[in-house]
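Working notes, beginning with the structure itself.
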Amino acid sequence: MKKLPYGISDYERLIENEYYYVDKTMYIEKLENLAEPYIMFLRPRKFGKTLFTSTLENYYDIKKSEKFEKLYGETYIGKKPTKLKNSYHILKFNFSGIDTTNNETIINGFKEKVAISIEGFVKNYNLDFYVNLNLTAEGLLRSLIEAFKIQKAGEKIYVIIDEYDHFANELLGFNTEQFKNLVSKNGKVRKWYEILKEGTESVIDRIFITGVAPITLDSLTSGFNISSDKT
């Protein structure tokens, strides 16, 4: 008998442990067929955003090709796979849980999240890359992109960002000036998204960003003006 999942946002775990799954994989096809490859999709909390990012991650991961039938065989996309299935290196970020006490804790927390994701990426895809914590968050991302271009010539990255605005929403509620300094103008967060945008000129082929509100995205422009909001 299948089990009812609660609080499980890992698609692979959900399928392998035989939990009920309401099939949303037809939206993978819809997203891939859009003209725009850099997508912003916003929803209120508890609408399954993290589970959907995990569904995308497992579907497009080049290292999960041997598990495709097991993970997606009974789903819509398993019966109608797209041409890009299992064709990307997945670089996934989650910006929830950052300490917003002050500028220093936010910048350090943001960099820590970036570093953890990059460390996982490097290990997963066997890259020869040193995660230098003396670099800024934007420096880490830029260095990774350059290393990937050399070591994985011709291959592409799919960037997935969950909870992109989690810490920013806290700032909007309690410290709007701090928000402006970090996200707008020449802020550190905006600079990081500028590097992400630069990456689309070489190795970053697709981006999927999700969160709750569009205010942070609006504040990032024109540092990151390539995303199409499909909310």
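Where a number appears in this text, it was derived from the coordinates with a stated rule and is not lab data. As the structure is a computational prediction, the values presented were derived from the model and not from experiment. With ideal geometry, Cβ positions are generated from the backbone for all residues, glycine too; neighbour counts draw on all protein chains shown.
Brief remarks follow.
- Cross-link partners of LYS80 among aspartates and glutamates, defined as those whose alpha carbon lies under 14 angstrom from its own and excluding same-chain residues fewer than eight positions apart: ASP23, GLU29, GLU32, GLU69.
- With the alpha-carbon atoms of the stretch 101-231 aligned to their principal axes, the span from lowest to highest coordinate is 43, 33, 22 Å, starting with the largest.
- When ARG45, ARG206, ARG13 are sorted by how many other C-beta atoms sit within 10 angstrom of their C-beta, beginning with the fewest, the order is ARG45, ARG13, ARG206.
- Rounded to the nearest 10 degrees, the angle from helix 188-199 to the longest Cα principal axis of the chain is 50 degrees.
- Each other residue within a Cβ distance under 12 Å of THR231 adds +1 if Lys or Arg and -1 if Asp or Glu, for a net charge of +2.
- Span from the the stretch 58-102 Cα centroid across to the the stretch 146-171 one, whole angstrom: 14 Å
- For the set LYS63/LYS156; LYS92/LYS113; LYS111/LYS188; LYS63/LYS92; LYS24/LYS230, every pair lies no more than 18 angstrom apart at their alpha carbons.
- Assigned charges on the beta-carbon of Lys, Arg, Asp, Glu; the chain dipole about Cα centre (debye): 400 debye
- Hydrodynamic radius (Kirkwood) for the stretch 1-146, which is based on Cα pairs only, to one decimal in Å: 17.3 Å
- The shape of the stretch 191-231 comes out oblate: with a ≥ b ≥ c from the C-alpha gyration tensor, a/c is at least 1.5 while a/b does not beat b/c.
- Extension gain from ILE116 to LYS70, taking 0.36 nm per residue of separation minus the Cα-Cα distance: 13.7 nm
- Per-bin percent of Cα-Cα distances, the stretch 60-138 [5 Å]: 3, 13, 18, 16, 13, 12, 11, 8, 5, 1
- Couplings for the stretch 141-149, taken from phi via the Karplus curve 6.51 cos²θ - 1.76 cosθ + 1.60 with θ = phi - 60°, read 5, 4, 5, 4, 4, 5, 5, 5, 4 Hz in order; Gly and Pro are left as x.
- Counting every pair of alpha carbons in the stretch 142-185, the share spaced more than 18 Å apart comes to 53 percent.
- A Cβ-based charge dipole, computed about the Cα centre of the stretch 7-62 with Lys and Arg at +1 and Asp and Glu at -1, lands at about 460 debye.
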